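Undergrad: Supplied in structure tokens, the structure appears directly below.
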Amino acid sequence: MITVIGATNIDIIAATSTAFVAHDSNPSHITMGIGGVGKNYAHNLVLLGEHIQFISLFGDDYLGDVARKECKRLGFDLHLSGTPKGARSSMFLCINNTVGQMQAGAADVEIIEKFLTPEFLAQRLEHINESQLVLFDANLPVETMVWLLENCTAPMMADTVSRKKASRITDALAQAKNPHLHTLKLNRIEAQNILGQDLGKDLPALCKKIHELGVSNIYITLGGEGVFCSGTPFELELVEPTQVSFPPVPPKQIVDTNGAGDAFLSGVAYAFLQGVEFPNTAKYGLLASKATIEVASVVNPNLKEEFETLYNPTKLITTTKYEQIPVNIG
């Protein structure tokens with residue numbers, strides 16, 4: 001069982017029909033759906049056959065009711081989620097250009113800021129700690145992430161989400177007592193925002209700083225350049241990290257880049273649960289991102305089939321002779 005802690009958004013996405021022009025009305029195709037980083041993790045992982053315990057907050061309004069019903073339909077276990085009285089639904093609005101790249105976005109996640117508190121999660125701690133894995137993201141308040149880092153005993157994976165919110169996770173790591181985060185996923189821009197422009201260009205040095213905060217595995221996504229991975233066991237001062245880069249998996253076409261980062265961490269989480277060793281878990285993340293970019297939604301409904309078609313899931317088994325043999329785990 002995986003526990004996902006995060007937002008459920010009402011997503012309003014505009015795809016412009018012509019070149020995007022700032023400060024003007026742009027002819028567009030506009031769609032509305034249910035999204036949110038947490039919801040996207042949960043959706044991807046349910047599609048991959050995992051049981052998801054989703055801890056989220058739904059607005060006390062019409063859209064909140066729609067979102068809850070949709071999450072139930074998708075198969076999420078919602079018994080730990082809540083609906084704060086009088087709270088409005090979390091919403092995300094963005095405008096994409098003609099090749100699916102976001103030109104402007106706006107997020108209203110006040111319901112998460114106000115109500116997804118340590119006190120809310122403390123009532124659910126026993127269920128959280130029964131999980132094989134816990135996923136959360138930087139939309140959570142810093143004090144909530146500090147509480148998770150100090151109280152959750154299950155392995156945890158997190159995403160910095162955006163340049164503006166990236167420092168929330170590193171702030172939480174710095175404030176928590178004896179923190180340990182299994183996995184942190186961020187992109188180059190978010191990394192530069194946390195530790196500075198110059199250090200952001202030196203990926204090994206940047207990862208060293210993040211490891212020192214209590215993070216074991218780091219994935220820095222690099223867009224068209226793929227991903228840089230750095231992993232180390234818990235005894236940070238004793239072992240040099242394993243560091244490797246993987247090239248991207250080119251999409252057949254770019255339809256919409258929204259949700260690609262969420263898909264990456266979902267793929268990594270799935271691979272981890274299948275016993276795939278670091279850093280080969282990154283291959284699953286890259287393929288999940290590629291599959292998501294190719295569709296006009298934040299989640300590819302055929303993700304499981306895409307995995308089976310595009311990649312033969314294997315892990316490397318090290319023998320007593322130190323030979324690495326690929327073993328099919330599908």
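Undergrad: Given the residues Leu140, Leu148, which is the only one that is assigned to a loop (DSSP other than H, G, I, E, B) and touching a residue at least 60 places away in the same chain (Cβ under 8 Å)?
TA: Leu140
Undergrad: Next question, about the same structure. Please work out which residue is surrounded by the most Cβ atoms within 10 Å (Cβ to Cβ), limiting yourself to region 5-22 and to residues that are farther than 30 Å from Gly82 by Cβ and of a type in the set (Val, Ile, Thr). Walk me through it before giving the result.
TA: At the first step, the residues of region 5-22 found to be farther than 30 Å from Gly82 by Cβ are 14-22.
Filter once more, so that each one left must be of a type in the set (Val, Ile, Thr): 16, 18, 21.
Working: Thr16: 17, Thr18: 10, Val21: 10.
In this case the residue turns out to be Thr16.
Undergrad: Also, quick follow-up: Look through region 102-137, keep the residues that are part of a loop (DSSP other than H, G, I, E, B) and of a type in the set (Val, Ile, Thr), and return whichever of them is farthest from the chain's Cα centre (by Cα).
TA: Taking region 102-137 and keeping what is part of a loop (DSSP other than H, G, I, E, B), we get 109, 116-117, 123-124, 130-132.
Add one more test, that the residue is of a type in the set (Val, Ile, Thr), and what stays is 109, 117.
Values: Val109: 16, Thr117: 20 Å.
Out of the qualifying residues, it is Thr117.
Undergrad: So which pairs qualify, if the first residue must be in region 24-40 and farther than 30 Å from Leu57 by Cβ and in contact (Cβ under 8 Å) with a residue 40 or more places away in the chain, the second must be surrounded by fewer than 22 Cβ atoms within 10 Å (Cβ to Cβ) and β-branched (Val, Ile, Thr), the Cβ gap must be under 6 Å, and the two must be at least 6 apart or on different chains?
TA: Asn26/Thr16
Undergrad: Determine which member of the set Val99, Val66 is more than 22 Å from the chain's Cα centre (by Cα), of a type outside the set (D, E, K, R) and in a helix (DSSP H, G or I). Give the derivation first.
TA: Working: Val99 fails: in a helix (DSSP H, G or I).
On inspection, the qualifying residue turns out to be Val66.
Undergrad: Taking region 208-262 as the search range and keeping residues that are of a type in the set (Ser, Thr, Tyr) and over 16 Å from Pro179 (Cα atoms), which one is modelled with the lowest pLDDT?
TA: Taking region 208-262 and keeping what is of a type in the set (Ser, Thr, Tyr), we get 216, 219, 221, 230, 232, 242, 245, 257.
Checking the rest, the ones that are also over 16 Å from Pro179 (Cα atoms) come to 219, 221, 230, 242, 245, 257.
On the way: Tyr219: 96, Thr221: 94, Ser230: 94, Thr242: 86, Ser245: 90, Thr257: 82.
Going through the qualifying residues, I end up with Thr257.
Undergrad: Say we look at region 23-41 and pick out the residues that are among the hydroxyl-bearing types (Ser, Thr, Tyr) and surrounded by 11 or more Cβ atoms within 10 Å (Cβ to Cβ); which of these is farthest from Leu133 (Cα to Cα)? Before you say what the answer is, go through the steps one by one.
TA: Just the residues of region 23-41 that are among the hydroxyl-bearing types (Ser, Thr, Tyr), to begin with: 25, 28, 31, 41.
Those still in the list that are surrounded by 11 or more Cβ atoms within 10 Å (Cβ to Cβ) too: 28, 31, 41.
Details: Ser28: 40, Thr31: 33, Tyr41: 12 Å.
Out of the qualifying residues, it is Ser28.
Conditions tested, residue by residue: (1) surrounded by 12 or more Cβ atoms within 10 Å (Cβ to Cβ); (2) at pLDDT 90 or above; (3) closer than 20 Å to Gly36 by Cα.
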| residue | (1), (2), (3) |
| --- | --- |
| Phe264 | yes, yes, yes |
| Ala282 | yes, yes, no |
| Ala288 | yes, yes, yes |
| Thr309 | no, no, no |
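Undergrad: Then there is this: Looking at region 26-48, can you tell me whether even one residue there is among the charged types (D, E, K, R), within 24 Å of Ile293 (Cβ to Cβ) and assigned to a strand (DSSP E or B)? Spell out how you get there, then give the answer.
TA: At the first step, the residues of region 26-48 found to be among the charged types (D, E, K, R) are 39.
Now narrow it down to the ones that are within 24 Å of Ile293 (Cβ to Cβ): 39.
After this cut, where a residue has to be assigned to a strand (DSSP E or B) as well, the list is none.
Scanning region 26-48, I find no residue that is among the charged types (D, E, K, R), within 24 Å of Ile293 (Cβ to Cβ) and assigned to a strand (DSSP E or B), so the answer is no.
Undergrad: Step by step: first the residues of region 212-222, then only those that are crowded, with 19+ Cβ neighbours inside 10 Å and without any contact (Cβ under 8 Å) to a residue 40 or more places away in the chain, then the one that is farthest from Leu186 (Cα to Cα). Which residue is that?
TA: Only one residue tops the list, namely Ser216.
Undergrad: Moving on. Can you say whether Asp11 is within 30 Å of Arg124 (Cα to Cα), more than 14 Å from the chain's Cα centre (by Cα), of a type outside the set (A, V, I, L, M, F, W, C) and not in a helix (DSSP H, G or I), as far as the supplied structure shows?
TA: Values: within 30 Å of Arg124 (Cα to Cα): yes; more than 14 Å from the chain's Cα centre (by Cα): yes; of a type outside the set (A, V, I, L, M, F, W, C): yes; not in a helix (DSSP H, G or I): yes.
For Asp11, the condition - within 30 Å of Arg124 (Cα to Cα), more than 14 Å from the chain's Cα centre (by Cα), of a type outside the set (A, V, I, L, M, F, W, C) and not in a helix (DSSP H, G or I) - is met.
The values are calculated or read from the model by the stated rules, or taken from the named source; none is laboratory data. No experiment lies behind these values; they were computed from the predicted model shown. Note that each Cβ is placed from the backbone with ideal geometry, even for glycine, and that neighbours are counted across all protein chains shown.
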